[in-house]
Structures are given as C-alpha cells and as structure tokens.
Amino acid sequence: MKITKQEVRHVAELARLDIEEKDLDRFARELGDILEYAEKLGRVDTTDVAPTSHAVEICNAFRPDLVTKHLDREEALKNAPEPEEGSFAVPRVIE
Amino acid sequence: MTEGDLCELSISAAQKMLRCGEISAVELTNAVLERIRSKEPEINAFITITEDLARKQAQQADKTIAEGSAGPLAGIPMAIKDLICTKGVATTCASRILEGFIPPYDATVMERLNAAGAVMLGKLNMDEFAMGSSNENSAFKITRNPWDLSRIPGGSSGASAAAVAADLCLGALGSDTGGSIRQPAAHCGVVGLKPTYGRVSRFGLVAFASSLDQIGPLAGNVEDAAIILSVIAGYDPRDATSVDKAVPDYRTCLAADVKGLKFGIPAEYLETEGMDPAVKAAFEKATETLVRAGAQCIEISLPHTDHALPAYYLIAPAEASSNLARYDGVKYGFRAPDADGLKQMYALTRSGGFGPEVKRRVLLGTYALSAGYYDAYYKKASQIRTLIQRDFAAAFEKCDIILSPTAPTAAFEIGEKTDDPLQMYLSDIFTLSANLAGIPGISVPCGFTENNLPIGLQMMGNHFAEDSLLKAAYAYEQQAGIYEKKPVI
C-alpha cells in the first residue's frame, strides 16, 4: 500500500504533529509497509461479526452520583507549565 | 549472610527471614541499594532511584514487623515501571513530554503495594509510553540484558525484567499491552505475568491502549509472582473496567502437580516463520517435561493467529492516538517555548516531546481512525478481534492451558532491529493474542540458547483462571528447575 507524503502531512496535521520535511518520506514508507501488512485483514469474511468493544464481559459500570474527593485546584495546577491566576495559561487562541 | 546473598533472596524466602527476625527490612533494603549502586552503571535499569524513600519505608516495615501488624510485602524491595503513577515521585513514561511531571496521586496498585508494606527502590526504564519490544525507544537510556550486555532486555517492561534478573530488586511491576511483561521476562530469564483484563486496576497507569493494557508482576519465580498478584489484584471503582470478582490467595493455589492437566499447543504457532530452532527445541523439551510429569499435551488450532498481529497494530495505535492526545503542553509536562499561537504550541510541543516510534504509532492510529478509513481499518480489526476471542473460547473447550514459546527468538543485539519497525513488531507474535482476547498469560524460563541466552515458555489460561495458570507454571518450574540459574554480572 502506498502512502503519499501529502497523506502523512494531512494525518500529522490531524494529530497535531509537526513532521519535518526530511522525515516525511520515511514515515510514508513505514506506514505504507504496516498498512500493506494489515491488508490481509480485508480478506477475512467478517459479515455479521460484531466488533469487540470489551475483552471481558461486563455490564455498564454505574456509581452513585455523589461528590467525592478530588484534586484541589492548587494541586491540579502544580504540574502546569504556565499556571496563572488559578488557571492554565496558553498562548493566543484566536488567530 | 553476605549482602550479595541477601539480594538473591526470593520474596518468599525474604518474607520468612523478615518475620522471624533473621534479617531486618533496613538491612535487606541497604543490601539491594548497594547492589544497585555497583551494577546499575552496567544495566541502566532505573530512571529514578528513590533511596531515601526506600530507607524510610524499610524502617516503617521493620516497625510493623516488630508490632506484628506487617502486610504481606512488608520490607520487600521492589521497583516500578515508570508509567505507573507514584505520588510525589517523577513518572516519565520514558518520554521527554512528561519530563518533570510529578503525579499528585498514587496509582491503585501503588496504594495496594504501600498498604502491603512494600519498599519502593525506584522507577524503571521502558520503551517510551510502552511502545516497543526492546527498551531502545526510551528517551533517556538503553537498558541492557544482564545475560549479555550487548543485547536488549526486551520491552516494553525491559528494565523491570532486567532489574529482577540482575537482583536489583526482589520483584517489579510492569505493564503488558501486547506482550510487554512476558517477552522481556522471557529474554531476561525471569517470570512475568499478564493478568486477565480487568483483574488489576488500571487507575494511575498511564494509558497506551486502554482495551489491552494490564499491570502485572515480574519476579524471580512463580511463587513470588503469585504473592505480588494477590496484593495488586481486585476491583477498584476508579477503574470502570476492573471486574468485581473475589481475589484468591494465589500462593495457596500452587502445587507441584500437573497430573490430569490438559495443555493445548496451537499448531499455527509452531509454523511461524523466523522461529529460532533453539527456541523450538527448548519448547519441545518443556512439553516433554510436562508429559513426563503426568500432563496431557494435545494439538489445538487458533485459526486466526495470522491476523492477530495486523489487528493489534491497528487497534493499539488507534487507541494510543486518542490516549496521547492529552499531551498538549497545557496541564503538565513539557511545553515548547516561543510558539506563535495555541495550535502551533500543540504541534511544537508534541513534535519535540515524542520520540519517533510514538509519532509513528500516533500517525498510524490517526490514519486508521480518520474519515473514510475507520470501517476498513479500526472496525475491521475489532471484528477480527472477536474472531480471535472465539478461537480462544473454542480452544479452552478442549484444554485447560495453552502452551507456546513466549517469543520466537532469544534477546537480539542492541540496534539489530531499530531500522525495521515491522520486524520489531514480530517479536510479539505469540503474546499479543492474549491481550486481544483479554486472557491471562505467563512466561516462565524453559531453557537457554547455546550463547547462554534465556528462552521463555508461555502459558495462557482462560479469563480469570490465574489460579490454574499459576499452578501449572509453578508445577513446570519445579519440574524443570531452570529458574535457579542466574546471570553473571
């Protein structure tokens, strides 16, 4: 399966990755190889086979709708690269 | 006992000596810390060594032992794969993007280890975000195999296996998404167990592929693995996928007896291309050992074996691409400086913070989930996953335990496979089906190549059959007696 540099660029944009021009060819080739290997899946008949959503049979996990212990604001912000006035500061959002 | 002898103790032997006062937890911890000081420069297993914390925990353990209130792992020095959150201790996932991240909470398994009195020596190296089979994808260091320092220890829990093999800890925690506990255990000649999906809480385990990830123990022998599993297993309301099922004391399930047990050998596994003849020979010898001990070995079929690897390499990257979306430079970890606007900050942060294998899998997963490809790739792979689960369900109608080699070859040279991702992925060929099916699997040492590299035997059991799986593994281990051999470093 052939993956073009353009496709890699598009997927990288979706994944918010900045791929350098020199790496585009390599990623295109490697992704192409892996997807080609995956093409054998297409030859398996999966009519009426439900996709797995869970490896072990369990029902929905509900809990009572109660307020429980949670991280306080100060702790939640401790690891932030740029905490500001009790919030996470980020660069300009609107371009 | 000399300090060196103390480091070689099994968990069960150390437990006994601690309880009867023959040694103290402080003594044992100091001996292992000394061993780390002298051997770590060769092995490179640790990202963080928590010496002060270990000494403090050891003192605490001695106190509880004296009071008679000691937990099951009181005073046992252990080390933790660096993707399990440890409150107040850096957790990096061997990635630049999490450099400096200090979790504000403990993973559930850490709460359980702490409550059981375990001593934490530090955090262990791994492939970045658990993506890899050799530990070469760590952003920080390359861990070496104690049996041959020019070789990889396996991955992604490579350093967990290497640390146990080199006596840098008495037991370790790893995580297994496609073989990441069992394959390194095989390569380093130790025991590694991946529990049933849902047996151990994933709360506080940094997610790679949420429908496949599971935490499990690595230890020097089966009994030690059973002891650790009994402590970490169990329902946790904070992990909605953990299962509310009673946890037996797995150690009491062990018996050196395989009579009447039926082992199934998947015909498809033995036809695998690229299997080292030494691995095949060791595997055949292991089945003979089991038969001699009174077990029955029959051939079974897992017809969709060929499709497990491609299905895995669509499902795992797809889940990874969404899980890793959280690394955006906003809430924790690395943020690229000097970005012009938010969107550029995301891209620069993620490109600067992730290594090449993580980028490859995020790209692959994003592609497989993107508009127009979802049905052909992710959905198709999930349907194949159902077929693989049916294969296992049918197989367990015919046998109790499925038997195979853990990996097709012994540990390879550092650098040997780094240029060919697909070749690297093939080292998980025998292990990743268990993750797709959600069943437990264990690797136990079963022999050596002529270069003295360990070979692993994999046993897989039905959902939540860890008790019979551990029993079978223990019985084999006692028959074969291979676990007593140690690497010389």
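Note on region B:45-78: residues that are at positive phi and crowded, with 22+ Cβ neighbours inside 10 Å total 1. A:Lys2 passes every criterion in (1) open to solvent by 100 Å² or more (accessible area, probe 1.4 Å); (2) within 7 Å of chain B (Cβ to nearest Cβ); (3) in contact with a helix residue (DSSP H, G or I) (Cβ under 6 Å, 6 or more places away or on another chain) apart from (2). Within region A:9-33, the residues that satisfy the criterion of being part of a helix (DSSP H, G or I) and open to solvent by 70 Å² or more (accessible area, probe 1.4 Å) are A:Arg9, A:His10, A:Glu13, A:Leu14, A:Glu21, A:Lys22, A:Asp25, A:Arg26, A:Arg29, A:Asp33.
Checked against (1) assigned to a helix (DSSP H, G or I); (2) more than 10 Å from chain A (Cβ to nearest Cβ); (3) open to solvent by 20 Å² or more (accessible area, probe 1.4 Å), B:Phe283 passes all but condition (3).
Only one of the numbered conditions (1) modelled with pLDDT under 90; (2) within 9 Å of chain B (Cβ to nearest Cβ); (3) out of contact with any helix residue (DSSP H, G or I) (no Cβ under 8 Å at 6 or more places or on another chain) is violated by A:Pro64, and that is (2). Taken over region B:213-271, residues that are acidic (Asp, Glu), within 14 Å of chain A (Cβ to nearest Cβ) and free of Cβ contacts under 8 Å to residues at least 12 places away in the same chain amount to 1.
For region A:69-83, filtered to residues that are of a type outside the set (A, V, I, L, M, F, W, C) and assigned to a helix (DSSP H, G or I), the residue that is nearest to the other protein chains (Cβ to nearest Cβ) is A:Glu75. Screening the candidates B:Ile455, B:Ile439 for the property of being hydrophobic (A, V, I, L, M, F, W, C), more than 14 Å from every other protein chain (Cβ to nearest Cβ) and not in a helix (DSSP H, G or I) yields one hit, B:Ile455. Of all residues in region B:93-102, those being more than 8 Å from chain A (Cβ to nearest Cβ) and under 15 Å from B:Arg326 (Cβ atoms) number 4. Confirm whether B:Leu113 is of a type in the set (A, V, I, L, M, F, W, C), touching a residue at least 40 places away in the same chain (Cβ under 8 Å), buried (at least 24 other Cβ atoms within 10 Å of the Cβ) and not in a helix (DSSP H, G or I). No. Within region A:34-47, the presence of a residue that is more than 9 Å from chain B (Cβ to nearest Cβ), assigned to a loop (DSSP other than H, G, I, E, B) and on the phi > 0 side of the Ramachandran plot is excluded. Sub-6 Å Cβ pairs linking a first residue in region B:7-32 that is under 13 Å from B:Gln59 (Cα atoms) to a second residue that is in a loop (DSSP other than H, G, I, E, B) and modelled with pLDDT of 95 or more, at least 6 apart or interchain, are B:Leu18/B:Gly75; B:Ala25/B:Gly75, ordered by first then second residue.
Of all residues in region B:318-342, those satisfying the criterion of being more than 7 Å from every other protein chain (Cβ to nearest Cβ) and farther than 16 Å from A:Pro81 by Cα are B:Ala318, B:Glu319, B:Ala320, B:Ser322, B:Asn323, B:Leu324, B:Ala325, B:Asp340.
Looking at region B:139-239, the helices (runs of 4 or more DSSP H) lying wholly inside it that each contain 1 or more residues that are of a type in the set (S, T, N, Q) and buried (at least 24 other Cβ atoms within 10 Å of the Cβ) sit at B:158-165, B:182-188. Screening B:Val258 against (1) surrounded by fewer than 24 Cβ atoms within 10 Å (Cβ to Cβ); (2) more than 16 Å from the chain's Cα centre (by Cα); (3) assigned to a loop (DSSP other than H, G, I, E, B) leaves a single unmet condition, (1).
Would you check if there is a residue in region B:405-417 being of a type outside the set (D, E, K, R), touching a residue at least 12 places away in the same chain (Cβ under 8 Å) and more than 20 Å from B:Pro454 (Cα to Cα)?
No, region B:405-417 contains no residue that is of a type outside the set (D, E, K, R), touching a residue at least 12 places away in the same chain (Cβ under 8 Å) and more than 20 Å from B:Pro454 (Cα to Cα).
Taking region B:157-179 as the range and being within 10 Å of the chain's Cα centre (by Cα) and without any contact (Cβ under 8 Å) to a residue 60 or more places away in the chain as the test, the residues that pass are B:Gly158, B:Ala161.
The values are calculated or read from the model by the stated rules, or taken from the named source; none is laboratory data. Just so you know, these numbers come straight off a predicted model, no measurement behind them. Cβ: placed from backbone, ideal geometry, glycine included. Neighbour counts: every protein chain shown. Heavy atoms of the whole protein, side chains included, go into the accessibility calculation; ligands, DNA and RNA do not. Shrake-Rupley method; radii C 1.70, N 1.55, O 1.52, S 1.80 Å.
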